[in-house]
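See structure below.
Since every read-out is calculated from the coordinates, none of them should be taken as a lab result. Because the structure is predicted, anything quoted here is derived from the model rather than measured. Glycine also receives a Cβ, built like all others from the backbone with ideal geometry; neighbour counts cover every protein chain displayed.
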């Protein structure tokens with residue numbers, strides 16, 4: 001086992017690491033066991049420079065279109081009332097916690113935009129009833145905050 005870093009090309013955005021088309025160096029285990037199997041990255045080779053350019057061109061074409069879409073979605077999320085009902089015990093503690101998929105479904109049910117659950121960032125696990133703030137990364141330059149009201153069932 002070698003602890004030397006490996007060079008990868010990101011194929012999707014990875015929080016804290018980079019955007020599609022970026023060449024990054026990560027620890028071998030992180031790349032081999034997490035990024036590559038989940039198709040978040042591919043191994044870097046000398047011949048892959050053309051693929052990097054293709055990924056970056058596609059990303060820039062999408063971002064130009066989606067920056068306005070992201071701002072529009074952020075505006076729609078700002079005025080949205082999102083409510084989730086989950087089984088709770090004594091003292092307002094939930095049985096389990098609220099997942100990003102739960103929040104994405106609740107936003108859709110409340111009439112909001114369709115969100116990718118991987119873009120929703122929960123900093124502290126939601127395990128109690130009440131109001132909670134959740135960040136949504138809509139675009140590298142646009143993020144929004146959703147107020148989620150959790151009620152016990």
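Side notes on the structure shown:
- Rounded to the nearest 5, the antiparallel percentage of DSSP beta bridges internal to the range 71-152 is 75%.
- Along principal axes, Cα extents of the range 71-152, largest first, whole Å: 40, 22, 16
- Taking the centroid of alpha carbons for each part, the range 41-114 and the range 4-19 are 19 Å apart.
- Förster-model FRET efficiency, 30 Å R0, residue 151 and residue 23, C-beta, rounded to 0.05: 0.05
- Per-pair calculated FRET efficiency, R0 = 41 Å: residue 48 and residue 131 via Cβ, rounded to 0.05: 0.30
- Using just its DSSP H runs of length 4 or more, each adding -39500 (n - 2.57), the chain gives a mean residue ellipticity at 222 nm of -9000 deg cm²/dmol after division by all residues.
- Counting only DSSP beta bridges whose two residues both lie in the chain, roughly 80 percent are antiparallel.
- Cα extents of the chain along the three principal axes, largest first (Å): 58, 42, 18
- Burial ordering of 150, 129, 36, fewest other beta-carbon atoms within 10 Å first: 36, 129, 150
- Scaled radius of gyration (Cα, divided by 2.2 N^0.38 Å) that the range 5-66 gives: 1.09
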